[in-house]
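J.: Attaching a single structure in structure tokens format; questions to follow.
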């Protein structure tokens, strides 16, 4: 799981808002768009790419 | 030591664990459950060094499969597949607790519409219906009368998959507006919280508020018994949910094999991810790195 070296920003794929990362995200990390509230998954880290996080499945849990 | 972290999403818990591992300089092999491809017929292996798999996968079905396959490859899995199997199914958990004499809410299983009506009459309304597999309080319902039960059954048996044909009904325990979550690491209860909510479902995933609770000898004893009941050993990492019944004392409601702890670090003062990493190192036979 590679990381980027410096914090950066990326655009929310749902609403287009700019999302600022205070620290380097990890692949598969979940972030929430501060504007539209969409739950997003980090699908790539160099460069950062975001996609809508998958819906919770029935057998998910702890 | 070789360490594999099985995961789906990287949530706060996974991030904290990864940060702790990195802080100690421990290399981690990340396996996303959706990306795993496992040759089930490859000859068994004997690892040249201790291989530990830490399961943080959200999907019960996928976790069970991947963990079992890694066990076949000689990995020590936290938790073992046998524990995940029981903890991931409320019906199996209830039976395991009952077999071990661990008190839990009265529960009846039924397998048809008519059977569920009879089961609810045995329990007395209100009853609580839960999916056998699932978490975070999802699809859990408080049914105050037969009309409500029939409406839920109609939907469940028509729209649900085959797994919804196993109907798990539980008494509604008259308890304070709180329940208890305790964390068992390697056979010891290391921390506990109470979760308050005005809603009868107190999961923090559903908005319940957490605060720390000192671990009493009674709580520790019951949690250890519950952990042993689901097949837990000194390997186990478990989160145990309990209710305080005014008449019967503490009742074990659930045992979770992929513990979530984001709300329980500041509230308890226990660095749970650090304790988990300590445990991983202990299981691997590697001396703990001094923090």
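J.: Which of the residues belonging to segment B:176-206 are in contact (Cβ under 8 Å) with a residue 40 or more places away in the chain, in a loop (DSSP other than H, G, I, E, B) and surrounded by fewer than 17 Cβ atoms within 10 Å (Cβ to Cβ)?
T.: Within segment B:176-206, B:176, B:187, B:200 meet the criteria.
J.: When segment B:12-28 is examined, which residues are found to be under 20 Å from residue A:43 (Cβ atoms), without any contact (Cβ under 8 Å) to a residue 40 or more places away in the chain and surrounded by fewer than 21 Cβ atoms within 10 Å (Cβ to Cβ)?
T.: Result: B:15, B:28.
J.: Please specify each residue of segment B:251-272 satisfying the condition of being closer than 15 Å to residue B:186 by Cα and either within 12 Å of the chain's Cα centre (by Cα) or assigned to a strand (DSSP E or B) (or both).
T.: Matches in segment B:251-272: B:255, B:256, B:257, B:258, B:259.
J.: Could you look through segment B:64-76, keep only residues that are touching a residue at least 40 places away in the same chain (Cβ under 8 Å) and touching a helix residue (DSSP H, G or I) at 6+ places or on another chain (Cβ under 7 Å), and pick out the one that is nearest to residue B:184 (Cα to Cα)? Outline the logic, then answer.
T.: Residues of segment B:64-76 touching a residue at least 40 places away in the same chain (Cβ under 8 Å): B:66-67, B:70, B:75-76.
In the following step, the residues that additionally are touching a helix residue (DSSP H, G or I) at 6+ places or on another chain (Cβ under 7 Å) were identified as B:66-67, B:76.
Details: B:66: 23, B:67: 20, B:76: 18 Å.
Looking at residues that are touching a residue at least 40 places away in the same chain (Cβ under 8 Å) and touching a helix residue (DSSP H, G or I) at 6+ places or on another chain (Cβ under 7 Å), I get B:76.
J.: Do any residues in segment B:150-163 that are under 13 Å from residue B:131 (Cα atoms) have Cβ atoms under 6 Å from those of residues that are at pLDDT 95 or above and part of a helix (DSSP H, G or I), where the two are at least six apart or on different chains, and which pairs are they?
T.: Pairs that qualify, where the first residue is under 13 Å from residue B:131 (Cα atoms) and the partner is at pLDDT 95 or above and part of a helix (DSSP H, G or I), are B:153/B:113; B:153/B:116.
J.: Which residues, taken from segment B:118-140, are surrounded by fewer than 19 Cβ atoms within 10 Å (Cβ to Cβ), more than 14 Å from chain A (Cβ to nearest Cβ) and touching a strand residue (DSSP E or B) at 6+ places or on another chain (Cβ under 8 Å)?
T.: B:118, B:122, B:123, B:124, B:125, B:126
J.: In segment B:38-71, how many are in contact with a strand residue (DSSP E or B) (Cβ under 7 Å, 6 or more places away or on another chain) and exposed (fewer than 13 other Cβ atoms within 10 Å of the Cβ)?
T.: 1
J.: Next up: Where in segment B:37-99 are there helices (runs of 4 or more DSSP H), lying wholly inside it, with at least 2 residues that are more than 20 Å from residue A:61 (Cα to Cα)? If you could, list the steps in order and put the result at the bottom.
T.: Details: elements: B:60-72, B:81-87, B:90-99.
Because the criterion is at least 2 residues that are more than 20 Å from residue A:61 (Cα to Cα), the helices (runs of 4 or more DSSP H) in segment B:37-99 that meet it are B:60-72, B:90-99.
J.: Report yes if some residue within segment A:37-51 is more than 14 Å from chain B (Cβ to nearest Cβ), loosely packed, with under 14 Cβ neighbours inside 10 Å and closer than 28 Å to residue B:134 by Cα; otherwise report no.
T.: yes
J.: Only one of (1) part of a helix (DSSP H, G or I); (2) within 14 Å of chain A (Cβ to nearest Cβ) fails for residue B:6. Which number is that?
T.: (1)
J.: Restricting to segment A:3-21, name every residue that is within 13 Å of chain B (Cβ to nearest Cβ) and at pLDDT 90 or above.
T.: Quick first cut of segment A:3-21, residues within 13 Å of chain B (Cβ to nearest Cβ) only: A:3, A:21.
Within segment A:3-21, A:21 is the sole residue that qualifies.
J.: Here is a list of conditions, (1) within 20 Å of residue B:21 (Cα to Cα); (2) in a helix (DSSP H, G or I), and residue B:219 meets all of them except one; can you say which number that is?
T.: Against the list (1) within 20 Å of residue B:21 (Cα to Cα); (2) in a helix (DSSP H, G or I), residue B:219 comes up short only on (1).
J.: I need the full set of residues from segment B:37-57 which are within 13 Å of another protein chain (Cβ to nearest Cβ) and more than 19 Å from residue A:39 (Cβ to Cβ), in order please. Even if it seems obvious, please write down each step before you answer.
T.: Narrowing segment B:37-57 to residues within 13 Å of another protein chain (Cβ to nearest Cβ): B:55-57.
Listed by number, the list holds a single entry, B:55.
J.: Can you name the condition, by its number, that residue B:236 falls short on among (1) touching a helix residue (DSSP H, G or I) at 6+ places or on another chain (Cβ under 7 Å); (2) under 26 Å from residue B:15 (Cβ atoms); (3) at pLDDT 95 or above?
T.: It is condition (3) that residue B:236 fails.
The values are calculated or read from the model by the stated rules, or taken from the named source; none is laboratory data. Note that this is a predicted model, so its numbers are computed, not measured. No Cβ is skipped: glycine too gets one built from the backbone with ideal geometry, and neighbour counts run over all protein chains shown.
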